[in-house]
Amino acid sequence: MSFDIFLQHFVNGESAEADRRDVLDVLATVDYDGPDKYGSYHVAFPDGVVVEFDASGLESEESFTGCAFCRCGFGDDLVKFIFDVARAGDMVIMVPMEPAPMFLISEDQKAGVPPDLLENFQPILVRSPDEIADAIQLGFEQWAAYRERCLHRSEEDGEG
């Protein structure tokens, strides 16, 4: 069970190829291992936060229209990395929490997003990683508390 964040590049209401060279340049700024055979990277940040960065197609001939962060922690370095990857690939950031935010790195991105996503996600223009962190901090804390309750119940039931 993880708190996942999804990034996607859209053009004219459809997923479209993101700029992999610029995303690779951002990836080169952090400590990582990978990709594995599935296109996932293990990224570790100085503050101790570790994330699985799923970016199939980033270093291959496959399509690269977006990526995901499956994470176990929350920190400023991770949020900055997410922001920088989104900016480099001209991708929106979608966080499945209530209310469901869709962070836009530029106002122009909204025109490319499929209408059904605009109905299900609240578009929010952000100019910095801090704005993203402020918006998702509570959702992450609620998820972490839920995860702990589930893990505690599993241990009580002898499953953990």
Which of the residues that make up region 1-25 are within 19 Å of residue 74 (Cβ to Cβ) and either surrounded by 14 or more Cβ atoms within 10 Å (Cβ to Cβ) or among the β-branched types (Val, Ile, Thr) (or both)? 3, 4, 5, 6, 7
Is region 10-29 home to any residue that is in a loop (DSSP other than H, G, I, E, B), at pLDDT 95 or above and more than 27 Å from residue 118 (Cα to Cα)? yes
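Any idea which of 138, 125, 118 is hydrophobic (A, V, I, L, M, F, W, C) and either modelled with pLDDT of 95 or more or closer than 30 Å to residue 35 by Cα (or both)? Can you show your working first?
Values: 138 fails: either modelled with pLDDT of 95 or more or closer than 30 Å to residue 35 by Cα (or both); 118 fails: either modelled with pLDDT of 95 or more or closer than 30 Å to residue 35 by Cα (or both).
Matching residue, one of 138, 125, 118: 125.
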Tell me, yes or no, whether region 41-51 has at least one residue that is under 21 Å from residue 109 (Cα atoms), free of Cβ contacts under 8 Å to residues at least 60 places away in the same chain and surrounded by 14 or more Cβ atoms within 10 Å (Cβ to Cβ). no
Residues that are surrounded by fewer than 18 Cβ atoms within 10 Å (Cβ to Cβ), under 14 Å from the mean Cα position of the chain (by Cα), among the acidic types (Asp, Glu) and at pLDDT below 95: does region 58-76 have at least one? yes
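The values are calculated or read from the model by the stated rules, or taken from the named source; none is laboratory data. Bear in mind that the values here come from a model prediction, so they are computed numbers and not experimental data. All Cβ positions, glycine included, derive from the backbone under ideal geometry; neighbour counts span all protein chains shown.
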